[in-house]
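The structure appears below as structure tokens.
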Amino acid sequence: MHGLNPFIQGIVYSTYDEKRGPIPLSTLPRNIPRQVTNIVSKKTLNLLSVDGNLASNDLEILSFAPHDLKGLVNCMVFMDENARGRKRFDTLTVLFKHAHDGIFYKYIDNFTPFFNRMQESVESRRNDTNFTDALPETLSSLSGELDHLLRELQDSELKAGSAFPVAREENAPVGKELHPIGRKVIVVGDPGVGKTSIVLRYTNNAFKKTYVATMGVSLSEKLVQVEDKTFEYIIWDIAGQSKFERMRKHFYMGANMKILVFDITSKESFKNMKDWNADIGRFIKEPIPGVILANKHDKESSATVTRDEVEQLAAKLGMKCFYTSALSGKNIKEVFEYIGTLSLDRVSPGK
Ligand SMILES: Nc1nc2c(ncn2[C@@H]2O[C@H](COP(=O)(O)OP(=O)(O)OP(=O)(O)O)[C@@H](O)[C@H]2O)c(=O)[nH]1
Ligand SMILES: [Mg+2]
């Protein structure tokens with residue numbers, strides 16, 4: 001145990017050394033594999049040098065793909081009389097697992113003040129000779145603050161009724177193989193079609209009559225056994241309202257599976273299925289498997305979309321369609337079992 005918050009895999013402080021290039025100066029825990037710290041230092045400092053206009057103190061999210069990791073990166077530029085160009089470039093990266101990136105995208109503004117404060121304190125000491133020696137303490141106090149913040153966010157989300165993914169203490173540390181197999185599932189479709197209700201039925205076997213529009217994204221997770229493999233679904237229930245359009249592309253990134261939902265009593269939501277599918281395609285380069293849900297099947301008598309139309313759409317998009325009802329629970333479990341078998345085909349050997 002390294003005492004880090006279970007959502008945080010590590011913290012890396014890097015600098016651009018004039019002779020050696022990008023190097024990690026200090027890490028928490030100390031034993032993060034070299035391959036990881038090297039790629040973090042290179043990629044984050046590249047961000048600063050490639051994009052010269054990038055303001056000091058911008059928070060960015062970067063992917064360190066081969067390691068299933070992402071990082072919240074704080075870029076810093078300090079004045080230093082002794083450095084070439086009189087500037088010193090540092091980055092501070094908080095690493096987390098790809099599957100948990102929703103929390104960091106969603107709450108990036110909540111993290112900013114912590115990084116600002118840390119940067120100020122670093123700035124005042126950056127040119128001290130013992131700066132590097134004091135870094136472990138700085139990282140450890142930042143780690144404590146982030147732990148506190150993450151727990152607060154988790155509490156408030158739980159109170160608000162949305163499921164916050166639970167990062168287990170025994171989460172595999174950096175560099176180790178991950179068990180169970182993490183799978184990011186995105187759920188999209190027009191507002192009010194029943195995305196949140198479907199997820200709630202699946203994860204809690206519950207149903208709510210009142211419609212509360214999802215703000216941005218709501219995350220939940222569920223362990224599923226498919227044949228001899230255990231999957232950890234991280235379900236991203238994405239808000240359908242158009243005001244969330246801009247942030248959506250962030251939510252699509254890294255998805256392994258998609259669930260497209262329409263409401264059989266809303267022709268409009270059915271017509272928009274193609275657009276939702278295309279929207280995902282724009283931001284995810286590799287095609288991902290998915291399924292179409294014709295929801296609110298309990299209201300079949302007032303359906304405005306015919307079976308023929310549904311079949312045509314399914315054929316056109318190359319996906320299977322299920323008639324579901326979050327109200328009655330019809331086909332909900334089956335849908336998730338089905339996408340489990342889809343992802344089985346995609347699990348690469350050795351994973
Ligand atoms: N009769 C019936 N009502 C449903 C069903 N699924 C959802 N609803 C109702 O439809 C309304 C909207 O459901 P939500 O799950 O919040 O819709 P959403 O797709 O998450 O909407 P956004 O978050 O705005 O994108 C709620 O009042 C639900 O109770 C269903 O299968 N049958
Ligand atoms: Mg919703």
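None of the figures in this text is laboratory data; all of them are computed from the coordinates on show. Keep in mind that what you see is a predicted model, and the values were worked out from it rather than measured. A quick note on method: Cβ atoms are made from the backbone with ideal geometry, for glycine too, and the neighbour counts reach across all protein chains shown.
Extending 7 Å from Cα along the Cβ direction at E120 and again at D298 yields two label points whose distance is 5.3 nm.
Decide, for region 181-345, between rounded, prolate and oblate: order the square roots of the alpha carbon gyration tensor eigenvalues as a ≥ b ≥ c, take rounded if a/c falls under 1.5, and otherwise choose prolate if a/b is larger than b/c, else oblate. Present the calculation step by step, with values, prior to reporting the outcome.
Values: a/c = 1.26, a/b = 1.17, b/c = 1.07.
It is rounded, given that a/c, with a ≥ b ≥ c, falls under 1.5.
For K87, give me every one of the lysines with a C-alpha distance below 28 angstrom, ignoring sequence neighbours fewer than eight places off in its own chain. Answer for K87, where 28 Å is the Cα cut-off: K19, K42, K43, K70, listed by chain and number. Partner lysines whose Cα lies under 16 Å from the Cα of K333, excluding those fewer than 8 positions away in the same chain, are identified as K195, K222, K258, K296, K320. Summary value for the chain: 13 percent relative contact order, contacts being C-alpha pairs under 8 angstrom separated by 6+ residues. Working from Cα positions, state the angle (0 to 90°, nearest 10) between the long axis of helix 34-50 and the longest principal axis of the chain. The angle comes out near 90 degrees. Once the Cα atoms are used to define both axes, helix 195-204 deviates from the longest principal axis of the chain by about 80 degrees. For the chain, the orientation-averaged shadow of the C-alpha convex hull comes to 18.8 nm² (one quarter of the hull surface). Annotation for D308 and M79: the two label points, set 7 Å from Cα along the Cα-Cβ direction, are 7.5 nm apart.
If R0 is 41 Å, what FRET efficiency do you get for N204 and R30 from their C-beta distance, rounded to 0.05? Once rounded, the FRET efficiency stands at 0.50. Taking amide H as placed 1.01 Å from N in the peptide plane, the amide H of F64 sits under 5 Å from that of L69, K70, G71, each at least 5 places away or on another chain.
For the residues T44, T306, T15, what sequence is obtained by ranking on other C-beta atoms within 10 Å, fewest first?
Working: T44 26, T306 11, T15 22.
Lowest count first: T306, T15, T44.
Determine the gain in length on full extension of the stretch D109-L223; use 0.36 nm per residue of separation and subtract their C-alpha separation, reporting nm with one decimal.
Numbers: separation 114, 0.36 × 114 = 41.04 nm, distance 2.99 nm.
Between D109 and L223, full extension yields 38.1 nm more.
In the chain, helices alone account for a calculated mean residue ellipticity at 222 nm of -11500 deg cm²/dmol, with every DSSP H run of four or more residues adding -39,500 (n - 2.57). Angle of helix 131-159 to the longest C-alpha principal axis of the chain, folded into 0 to 90 degrees and rounded to 10: 20°.
Ordering L313, L223, L95, L342 from the fewest to the most neighbouring beta carbons within 10 Å gives L223, L342, L313, L95. Charged side chains reduced to their Cβ positions (Lys and Arg at +1, Asp and Glu at -1) give the chain a dipole of some 640 debye around its Cα centre.
With neighbour counts taken as other beta-carbon atoms within 10 Å, the residues W236, W276 rank, fewest first, as W276, W236.
For every other residue with a beta carbon closer than 11 angstrom to the beta carbon of A134, add +1 if it is Lys or Arg and -1 if Asp or Glu, then tell me the sum. All intermediate terms of the calculation are to be shown ahead of the outcome.
Numbers: positive: R125, R126; negative: D128, D133, E137.
Value of the local net charge: -1.
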